[in-house]
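S.K.: Before I ask anything, let me first share the structure, which is written out below as structure tokens.
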Amino acid sequence: MTASNIKIDRQRVIDTFAAYVKNYNSDDTKVRLKIEHTYRVSGLCQVIGQSIGLEGADLDLAWLTGMLHDVGRFEQLRRYNTFYDDKSVNHAHLGCEILFDEGRIRDYIDDDSEDGLLKKAIYHHSDYRIPEDYDDRTTMYCNILRDADKVDILKVNCDFPLEEIYNATTEEIRKGAISDEVLAAFRERHTILRALKKTAVDNVPGHISLAFELVYPESLKQAVKQGYLDKLLAFSSDNPDTMEKMLRRLELDLYYLEHRSWWFDFKILAKTFINIVFGKKF
């Protein structure tokens with residue numbers, strides 16, 4: 001895999017980002033949320049990158065994707081007063097417009113040798129899937145950023161008011177029923193599509209499901225270590241029937257995540273085969 005020769009001045013990047021977000025109201029909880037999220041995601045990109053052997057300019061590049069990935073969020077919030085892409089604009093695509101179409105990327109770095117890779121990583125960081133025809137190096141950087149973003153989204157959902165994140169009232173979140181489609185998707189152990197989410201509370205299992213598709217072992221280690229999966233599992237609801245069923249399912253899947261291994265997967269497959277043979281449902 002080709003090593004990068006890009007020159008990245010981290011302090012310049014940090015200063016440029018700080019100057020950029022001064023154009024937005026940092027007293028707004030949502031703005032502050034995304035500023036803090038950016039710094040944490042860049043740090044997680046560093047940790048994940050180191051775990052797979054990146055160093056030097058290659059590691060700097062991973063860190064940079066984290067610093068730039070949510071540039072579009074601030075303008076999205078200013079224009080539409082929401083973080084919901086479906087109700088406004090795709091924030092990742094807007095970020096690419098700001099950075100690459102408007103040329104703001106040169107405020108952060110002079111070297112344009114990795115512009116193509118940076119644009120792809122940012123453009124696809126919130127997509128359900130990344131293109132299958134990307135080369136291994138591009139795919140790696142996309143996955144580092146996507147993993148880091150998912151891990152920190154778990155934190156955001158624990159540390160910030162759900163009403164602010166989900167644009168819903170407390171009553172809507174506490175009394176809402178989790179959709180059958182979301183429950184069904186959760187059983188398949190992969191990230192839940194936004195299109196399936198019908199109620200505010202659907203976002204809770206939706207965000208927990210992000211952990212199912214973490215690519216790198218260090219990413220899952222960080223998610224479990226920080227305890228945010230456990231905190232999301234402790235979510236309380238005024239709709240006990242729905243939440244009882246869902247939390248039981250989540251507990252089983254959290255156990256799966258924490259003990260994920262070849263042998264554990266084999267045991268799951270064996271148990272599934274026996275249940276099918278004997279006509280049991282689970």
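The values are calculated or read from the model by the stated rules, or taken from the named source; none is laboratory data. Not measured: the values here are computed from a predicted model. Note: ideal-geometry Cβ built from the backbone for every residue, glycine included; neighbour counts use all protein chains shown.
S.K.: Within region 67-149, which helices (runs of 4 or more DSSP H) (wholly inside it) include 2 or more residues that are touching a Leu at 6+ places or on another chain (Cβ under 7 Å), buried (at least 17 other Cβ atoms within 10 Å of the Cβ) and among the aliphatic types (A, V, I, L, M)?
M.R.: 115-123
S.K.: Answer yes or no: is there a residue in region 221-234 that is among the charged types (D, E, K, R), surrounded by fewer than 13 Cβ atoms within 10 Å (Cβ to Cβ) and either at pLDDT 60 or above or touching a Phe, Trp or Tyr at 6+ places or on another chain (Cβ under 7 Å) (or both).
M.R.: Yes, region 221-234 contains at least one residue that is among the charged types (D, E, K, R), surrounded by fewer than 13 Cβ atoms within 10 Å (Cβ to Cβ) and either at pLDDT 60 or above or touching a Phe, Trp or Tyr at 6+ places or on another chain (Cβ under 7 Å) (or both).
S.K.: Among the residues of region 257-274, is there at least one that is within 22 Å of I144 (Cβ to Cβ) and at pLDDT 75 or above?
M.R.: No, region 257-274 contains no residue that is within 22 Å of I144 (Cβ to Cβ) and at pLDDT 75 or above.
S.K.: Condition (residue is over 29 Å from A200 (Cβ atoms) and of a type outside the set (S, T, N, Q)) applied to region 72-88: is it met by at least one residue?
M.R.: no
S.K.: For region 1-18, how many residues meet the condition of being free of Cβ contacts under 8 Å to residues at least 60 places away in the same chain, aliphatic (A, V, I, L, M) and either under 15 Å from D107 (Cα atoms) or crowded, with 18+ Cβ neighbours inside 10 Å (or both)?
M.R.: Of the residues in region 1-18, 2 are free of Cβ contacts under 8 Å to residues at least 60 places away in the same chain, aliphatic (A, V, I, L, M) and either under 15 Å from D107 (Cα atoms) or crowded, with 18+ Cβ neighbours inside 10 Å (or both).
S.K.: OK, next. Within region 47-75, restricting attention to residues that are among the β-branched types (V, I, T) and under 14 Å from I144 (Cα atoms), which residue is farthest from the chain's Cα centre (by Cα)?
M.R.: I52
S.K.: Yes or no: L44 assigned by TED's automatic domain parsing to the domain that holds I6 and within 19 Å of the chain's Cα centre (by Cα)?
M.R.: yes
S.K.: Quick check on my filter: what residues within region 172-189 are part of a loop (DSSP other than H, G, I, E, B) and free of Cβ contacts under 8 Å to residues at least 60 places away in the same chain?
M.R.: Residues satisfying the conditions are S179, E188.
S.K.: Now for a separate question. Looking at region 186-198, which of its residues are at pLDDT below 80 and crowded, with 19+ Cβ neighbours inside 10 Å?
M.R.: Hits for region 186-198 are F186, K197.
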